[in-house]
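Please read the structure below before turning to the comments.
The values are calculated or read from the model by the stated rules, or taken from the named source; none is laboratory data. Keep in mind the model is a prediction, meaning the values are calculated, not measured. Here the Cβ positions follow ideal geometry from the backbone for every residue, glycine too, while neighbour counts run over all protein chains shown. Quick note on the areas: whole protein, heavy atoms, side chains included, nothing else; ligands and nucleic acids left out. Shrake-Rupley method; radii C 1.70, N 1.55, O 1.52, S 1.80 Å.
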Amino acid sequence: MKRKGKRSVFITLAILVLVLGNTIIFAQNEINIILNDKKINFPDAKPYMDAQAGRVFVPVRFVAEGLGALVEWDPIDRRVDIIKDGFDIRLKPDEKRLILNGIERPIDTAPFIKDDRIYVPLRVVSECLDMDVEWDEETCAVSLKSKSSKEFVIRGIRLGQSEQELVSNLGEPDRRDISEYGFDWYIYNKDYSKYIQVGVKDGTVVGIYTNADNWESARGIKVGMARANVERLLGKPLQGIAKESGIYLISKQDEEGVYLIDCSYVTIFYDIHNKSTVTALQIIDENIECGLDDYYGDYSEKLRDSFERQIFDLANSIRVRNNLRPFVWCNKAQASSGKHSQDMADNDFFAHSNLKAESPFDRMRKEGIIYTSAAENIAAGTANAIQAHEGWMNSAGHRANILDDYKNLGVGVAYNSNSRYKYYYTQNFYTGR
């Protein structure tokens with residue numbers, strides 16, 4: 001696929017050892033490129049090294065064909081884009097810097113153009129694509145190996161990566177929430193079209209969730225794929241997860257499929273209102289999941305606040321995916337929602353009207369909300385914000401509220417261990433006068 005205003009770049013290869021000004025000195029020894037233990041054949045010209053920088057250069061044609069990346073050239077900006085597995089690398093000839101997933105990084109040697117072809121430093125590009133690079137001086141060989149053959153890599157992030165790698169790829173999170181698992185969710189919500197939550201514990205990535213549509217698994221699973229096709233690739237989902245206290249049965253089998261893949265529990269959420277196609281993905285490290293020997297985890301006000309903000313973000317990310325503008329957060333709507341959730345938790349009921357027969361609209365007006373249109377969603381019994389949101393999106397009326405033309409949203413969450421459903425969730429939507 002090509003971007004508007006860009007053309008694919010195809011480069012031949014040449015060997016050189018030293019580039020100083022316009023002086024080129026050719027090498028006598030051939031440089032070999034070994035990709036995942038397989039030698040790459042170059043039928044005509046060969047890779048070469050800048051001896052001063054100690055870097056091997058290859059044309060971007062190798063990056064495209066050898067590494068399986070999409071390579072595009074922007075002639076107006078004089079920029080080459082390299083895209084693969086959620087990594088987006090942008091380089092310019094003669095500039096010692098690159099942009100990786102929107103974050104600028106310095107590099108010690110610059111790409112350049114020779115004979116109308118662009119050459120890029122192999123180590124820099126390969127490491128940005130999450131590959132290990134080793135140089136063997138005796139054999140003049142560069143060995144490239146994929147760090148991971150994991151099924152799911154989202155925006156260049158996979159389970160097992162370090163926090164440092166995460167921040168290097170995506171930058172500092174826009175917010176840090178806590179989770180019922182005991183890890184922190186790093187929330188990236190600046191661009192809802194790329195929304196992602198990344199779970200981090202003890203400096204390691206242990207969880208990922210996204211409902212954005214910009215990812216694809218190693219076997220081609222992606223948003224919009226029919227459930228039948230997913231199951232052809234992965235088989236039938238699990239019926240339950242064995243933990244120390246027993247087997248936790250997985251409910252809502254029609255709305256999600258849970259698999260044990262790459263030592264992690266992968267939940268694929270389906271949109272039953274869109275022909276049961278993939279709509280979101282969650283990955284939790286196996287040890288983390290099995291270590292939560294309680295459905296709800298430990299409640300705290302900080303966890304409640306995290307759920308409220310996540311529900312707001314999840315609603316906005318799915319709206320943006322459907323070409324709708326995001327909601328605006330409203331403290332008054334949060335107050336009306338929070339009070340109703342707490343009322344349901346304290347008095348052990350689940351309904352839109354409270355025990356005083358007050359409707360959602362009565363409660364919103366009490367908080368000083370003046371509206372031309374308004375609505376409410378409630379949920380109970382789910383363990384977290386993600387489950388609440390995905391459940392609403394598979395309920396026609398709740399889904400309609402999330403995707404309707406309201407402008408403002410407030411979210412309230414409450415918990416009572418003595419109540420029937422434990423957790424209670426409320427969304428109040430409205431458009432003001």
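Considering only residues that are within 26 Å of ARG158 (Cα to Cα), open to solvent by 30 Å² or more (accessible area, probe 1.4 Å) and out of contact with any Cys (no Cβ under 9 Å at 6 or more places or on another chain), which ones fall in segment 235-254?
Within segment 235-254, LYS236, LEU238, GLN239, TYR248, GLN253 meet the criteria.
Which one is nearest to ALA218 (Cα to Cα) among residues in segment 86-113 that are acidic (Asp, Glu) and under 29 Å from the mean Cα position of the chain (by Cα)?
Only one residue fits best here, namely ASP88.
Quick check: anything in segment 107-119 touching a Pro at 6+ places or on another chain (Cβ under 7 Å) and on the phi > 0 side of the Ramachandran plot?
No: segment 107-119 contains no residue that is touching a Pro at 6+ places or on another chain (Cβ under 7 Å) and on the phi > 0 side of the Ramachandran plot.
Looking only at segment 365-381, decide whether some residue is farther than 26 Å from LEU324 by Cα, at pLDDT 95 or above and in a helix (DSSP H, G or I).
yes
From the residues in segment 239-256 that are in a loop (DSSP other than H, G, I, E, B) and small (Gly, Ala, Ser), which one is farthest from CYS290 (Cα to Cα)?
SER251
Which members of segment 153-192 meet the condition of being over 22 Å from ALA69 (Cα atoms) and of a type in the set (Gly, Ala, Ser)?
The answer is GLY160, SER162, GLY171, SER179, GLY182.
Is there a residue in segment 215-233 that is closer than 20 Å to TYR181 by Cα, under 15 Å from the mean Cα position of the chain (by Cα) and of a type outside the set (Val, Ile, Thr)?
No, there is no match, as no residue in segment 215-233 is closer than 20 Å to TYR181 by Cα, under 15 Å from the mean Cα position of the chain (by Cα) and of a type outside the set (Val, Ile, Thr).
Have a look at VAL133, VAL120 and point out the one that is surrounded by 15 or more Cβ atoms within 10 Å (Cβ to Cβ), in contact (Cβ under 8 Å) with a residue 24 or more places away in the chain, among the β-branched types (Val, Ile, Thr) and assigned to a strand (DSSP E or B).
So the residue among VAL133, VAL120 that is surrounded by 15 or more Cβ atoms within 10 Å (Cβ to Cβ), in contact (Cβ under 8 Å) with a residue 24 or more places away in the chain, among the β-branched types (Val, Ile, Thr) and assigned to a strand (DSSP E or B) is VAL120.
Give the residue that is surrounded by the fewest Cβ atoms within 10 Å (Cβ to Cβ), with candidates limited to residues of segment 395-411 that are assigned to a helix (DSSP H, G or I) and without any contact (Cβ under 8 Å) to a residue 40 or more places away in the chain.
The qualifying residue surrounded by the fewest Cβ atoms within 10 Å (Cβ to Cβ) is GLY397.
Select from segment 255-276 the residues that are charged (D, E, K, R) and touching a Ser or Thr at 6+ places or on another chain (Cβ under 9 Å) and write down the one among them that is most open to solvent (accessible area, probe 1.4 Å).
ASP262
Please state which of the following conditions GLU95 fails to meet, knowing it meets all the rest: (1) open to solvent by less than 20 Å² (accessible area, probe 1.4 Å); (2) within 23 Å of SER168 (Cα to Cα).
Of (1) open to solvent by less than 20 Å² (accessible area, probe 1.4 Å); (2) within 23 Å of SER168 (Cα to Cα), only one is false for GLU95: (1).
Could you check, for segment 217-230, whether at least one of its residues is modelled with pLDDT under 95 and among the hydroxyl-bearing types (Ser, Thr, Tyr)?
yes
Taking the criterion of being open to solvent by 20 Å² or more (accessible area, probe 1.4 Å) and either β-branched (Val, Ile, Thr) or without any contact (Cβ under 8 Å) to a residue 24 or more places away in the chain (or both), would at least one residue in segment 295-303 satisfy it?
Checking segment 295-303: at least one residue is open to solvent by 20 Å² or more (accessible area, probe 1.4 Å) and either β-branched (Val, Ile, Thr) or without any contact (Cβ under 8 Å) to a residue 24 or more places away in the chain (or both).
Taking strands (runs of 3 or more DSSP E) that fall entirely within segment 1-75, which contain at least 1 residues that are surrounded by 13 or more Cβ atoms within 10 Å (Cβ to Cβ), at pLDDT below 70 and in contact with a strand residue (DSSP E or B) (Cβ under 7 Å, 6 or more places away or on another chain)?
Hits in segment 1-75: 18-20.
When only residues in segment 319-360 that are under 14 Å from GLN427 (Cβ atoms) and aromatic (Phe, Trp, Tyr) count, which is surrounded by the most Cβ atoms within 10 Å (Cβ to Cβ)?
Filtering segment 319-360 for residues that are under 14 Å from GLN427 (Cβ atoms) and aromatic (Phe, Trp, Tyr), the one surrounded by the most Cβ atoms within 10 Å (Cβ to Cβ) comes out as PHE327.
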